[in-house]
Amino acid sequence: MNRGNTDNIDKELNRVNTIQRLPVLRSFKLLLSRLHSHADCHNRQLHYDQYVSLLLLYFFNPTFTGLRSIQHASELDNVQKKLGIKRTSLGSMSEASHVFDPQLLRPIINDLVRDVSPPET
């Protein structure tokens, strides 16, 4: 990747007001907390709930263009505090899509669907 593109990412992410929906994402913390204990490796620093939080951050922010954007955002204090994460390496973000079991998200998605579905009459 050329340095010019990285500079552009840095400039965008340094403008704190470009990061949207942090309060909404914070509301997912409790729901995602059941994923925190999922570990495929005892020394993993990026937990499943943190990974999903970062993916949601990506989906809610149109200025993010890929994993590098997410990784850069993980370095920002306000993102770390609101999402309960630490700085995440690009390698960890890349590897996470291969090591975390997507089936573990199914009950969480079902809970969300139940919460937004109109009551049956």
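The values are calculated or read from the model by the stated rules, or taken from the named source; none is laboratory data. Computed from a prediction, not measured in an experiment: that's the story for all the values here. Note that we place each Cβ from the backbone using ideal geometry, even for glycine, and neighbour counts take in every protein chain shown. Note: accessible area is taken over every heavy atom of the protein model, side chains too, but ligands, DNA and RNA are not part of it. Shrake-Rupley method; radii C 1.70, N 1.55, O 1.52, S 1.80 Å.
Taking the range 110-121, which residues are outside any helix (DSSP H, G or I) and either open to solvent by 90 Å² or more (accessible area, probe 1.4 Å) or under 14 Å from residue 28 (Cα atoms) (or both)? Of everything in the range 110-121, those that are outside any helix (DSSP H, G or I) and either open to solvent by 90 Å² or more (accessible area, probe 1.4 Å) or under 14 Å from residue 28 (Cα atoms) (or both) turn out to be 118, 119, 120, 121.
The rows are residues; the columns are (1) in contact with a Cys (Cβ under 9 Å, 6 or more places away or on another chain); (2) more than 13 Å from residue 51 (Cα to Cα); (3) at pLDDT 90 or above.
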residue	(1), (2), (3)
72	no, yes, yes
84	no, no, no
107	no, yes, yes
113	no, yes, no
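The residues of the range 28-48 that are at pLDDT 80 or above and open to solvent by 80 Å² or more (accessible area, probe 1.4 Å), listed by number, are 29, 30, 34, 37, 45.
Is there a residue in the range 93-107 that is open to solvent by 30 Å² or more (accessible area, probe 1.4 Å), over 17 Å from residue 34 (Cα atoms) and in contact with a Ser or Thr (Cβ under 7 Å, 6 or more places away or on another chain)? No. Count, please, the residues in the range 54-74 that happen to be closer than 22 Å to residue 35 by Cα and open to solvent by 50 Å² or more (accessible area, probe 1.4 Å). Looking only at that region, the number is 4.
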